[in-house]
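Read through the structure below, which is laid out as structure tokens, and then see the notes.
The values are calculated or read from the model by the stated rules, or taken from the named source; none is laboratory data. Because the structure is a prediction, the values reported are computed rather than measured. Here Cβ is always computed from backbone atoms with ideal geometry, including for glycine, and neighbour counts include all displayed protein chains.
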Amino acid sequence: MNDPQAGSVGLSIVIPVYRGAATIGQVVAELSRLRPEGGLEIILVNDGSPDDSGDVCKALLPGAAIPITYIEHARNYGEHNAVMTGLRRARGAYIITMDDDLQNPADEVVRLYDHARHGDWDVVYTRYAVKQHALWRNLGSRFANGVADRLLDKPKGLYLSSFRCMSALVADSVTRYTGPYPYVDGLIMEVTQRIDSIEVMHLPRIEGRSNYNLTRLVRLWLNLATSFSLAPLRLAIVMGVAMATLGTIGAFATIIEALIIGGTPSGYAATMVVILLVGGVQSMILGILGEYVGRTFLSTNGKPQGTVRVIHRHEPGAGQPA
């Protein structure tokens, strides 16, 4: 994970950038004023942003008061893929991941960092007393966290926030995963259970709108469900057994009806209900199997987790960025 050519720092901050041209400059300016113990570096990962986020990020490097690394993906791969790319370049004893939208106050960064290192926690998540997101986004987050409670080996009720702090030990283990569908929180749960959380402020968005839409949330849920758990397959087995049991009962009922009552025509409605019910369950089971098979196929064929186009690093006092 660490760059062997560079010295370590106390804290690395990894920020995936997507449509963040209007906010990333202020985010970096606020973070640059922090003085955490051991020093600070910022890693910006431009995840194929269609706006001029890349130019804005690169303009921040010359003259920056702290080390800044700019990494550019060749295309958009997704937030968790961008975080993985940033973690691989982080040099800090602890790494904080956060968004580029100014909703996480810079002052909370040092508090999160201090809580992790003083408490000797491997990972510290944040939770919000009041979330400044749209209603549908909050409902989607609750649903995803409820699913994670059942599918992942995580502390019950722990809120999985993208504003999190992890030790270099955890980051090094997490970044060994090279598959095309990373889910950072799922990887964390496979590494450690020394996890805590603290409550932080969550500010309203001042520019633009959330990059997460319903489609992205569904994809995130699929990564959670199919990459780190066999629960969907086990659910398919249970439903298959249940439908087979109902089919057997229905078969016996039909035979008894024919032998005892005789001449009673089969009910059209009942027949259609059974056909549609069984067909629906079979289609769902095939879909689940298809999702697993498709992801396995793409992983085997070497679909990249993220392709880095360029890397620029600025070290204060070292002249122009590399």
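Against the condition touching a residue at least 40 places away in the same chain (Cβ under 8 Å), farther than 20 Å from ARG176 by Cβ, outside any loop (DSSP other than H, G, I, E, B) and in the same structural domain as ALA168 (by TED's automatic domain parsing), how does GLN103 come out, does it pass? Before you say what the answer is, go through the steps one by one.
Working: touching a residue at least 40 places away in the same chain (Cβ under 8 Å): yes; farther than 20 Å from ARG176 by Cβ: yes; outside any loop (DSSP other than H, G, I, E, B): no; in the same structural domain as ALA168 (by TED's automatic domain parsing): yes.
Spelling it out, it is not the case that GLN103 is touching a residue at least 40 places away in the same chain (Cβ under 8 Å), farther than 20 Å from ARG176 by Cβ, outside any loop (DSSP other than H, G, I, E, B) and in the same structural domain as ALA168 (by TED's automatic domain parsing).
Going by what's in this entry, would GLN305 be described as of a type outside the set (Ser, Thr, Tyr), modelled with pLDDT of 75 or more and over 30 Å from PRO67 (Cβ atoms)? If you could, list the steps in order and put the result at the bottom.
Numbers: of a type outside the set (Ser, Thr, Tyr): yes; modelled with pLDDT of 75 or more: yes; over 30 Å from PRO67 (Cβ atoms): no.
Against the criterion (of a type outside the set (Ser, Thr, Tyr), modelled with pLDDT of 75 or more and over 30 Å from PRO67 (Cβ atoms)), GLN305 does not qualify.
Looking across PRO67, PRO50, one residue alone is surrounded by fewer than 18 Cβ atoms within 10 Å (Cβ to Cβ), farther than 22 Å from VAL184 by Cβ and either free of Cβ contacts under 8 Å to residues at least 40 places away in the same chain or not β-branched (Val, Ile, Thr) (or both). It is PRO50.
Taken together, PRO16, PRO4 contain a single residue that is in the same structural domain as ILE195 (by TED's automatic domain parsing) and either surrounded by fewer than 21 Cβ atoms within 10 Å (Cβ to Cβ) or modelled with pLDDT of 95 or more (or both), which is PRO16.
Just so you know, in region 192-208 the residues that are assigned to a loop (DSSP other than H, G, I, E, B) and within 17 Å of TRP121 (Cα to Cα) include one that is modelled with the lowest pLDDT, and it is GLN193.
Restricting GLU72, GLU37 to those that are buried (at least 19 other Cβ atoms within 10 Å of the Cβ), in the same structural domain as SER162 (by TED's automatic domain parsing) and acidic (Asp, Glu) reduces the list to GLU72. Against the conditions (1) surrounded by fewer than 21 Cβ atoms within 10 Å (Cβ to Cβ); (2) more than 18 Å from MET166 (Cβ to Cβ), THR23 satisfies every one except (1).
Among the residues of region 108-120, is there at least one that is within 22 Å of the chain's Cα centre (by Cα) and part of a loop (DSSP other than H, G, I, E, B)? Scanning region 108-120, I find no residue that is within 22 Å of the chain's Cα centre (by Cα) and part of a loop (DSSP other than H, G, I, E, B), so the answer is no.
For the residues ALA29, ALA93, ALA65, ALA22, the requirement of being part of a strand (DSSP E or B) and farther than 23 Å from GLY306 by Cβ singles out ALA93.
Name the single residue that is farthest from ARG111 (Cα to Cα) among those in region 162-184 being among the aliphatic types (A, V, I, L, M) and part of a helix (DSSP H, G or I). Taking the candidates together, the pick is VAL174.
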